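Here the structure is laid out as structure tokens; the discussion comes afterwards.
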Amino acid sequence: MSERDELRHRLDVVPLVILERILVELWQIRQLLQREGAQVSAELDALRAQVAQTVGVEQSAIALIQGVAAQIAALAAQGGTGADFVALSDSLKGSADALAGAVASVPTP
């Protein structure tokens, strides 16, 4: 093979080597993006679950507060006694403790 042919062969091979390196790097970038995408997807799923749990706790608190107001109004309308209000207070303490436990179980971000 002449020197000229050898040089031409080298010039033909060099771009292939460069293309191969580019393809390898592109494949590595693709793999990295897939892993990152999967991680972001998992984090988004966890966030959605946390939001759903928080909304559920908030709705429970709203229902509890509305129920308390209705019970107090009903006792007052019926001419409830001090003992009636003490019994209601004891019942509400149990509900408040349950709500506090639910709020405490919601993970903080």
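Computed from the coordinates by the stated procedures, all read-outs in this text should not be read as laboratory data. Being a predicted model, the structure only gives us computed values, none of them experimental.
Brief remarks follow.
- The long axis of helix 3-77 is offset from the longest Cα principal axis of the chain by roughly 0 degrees.
- Angle between the chain longest axis and helix 82-105 axis [Cα atoms, degrees, rounded to 10]: 10
- Distant alpha-carbon pairs in the chain (separation over 21 angstrom), percent: 68
- Segment 56-109: C-alpha gyration tensor shape, a/c 1.5 cut-off, then a/b vs b/c: oblate
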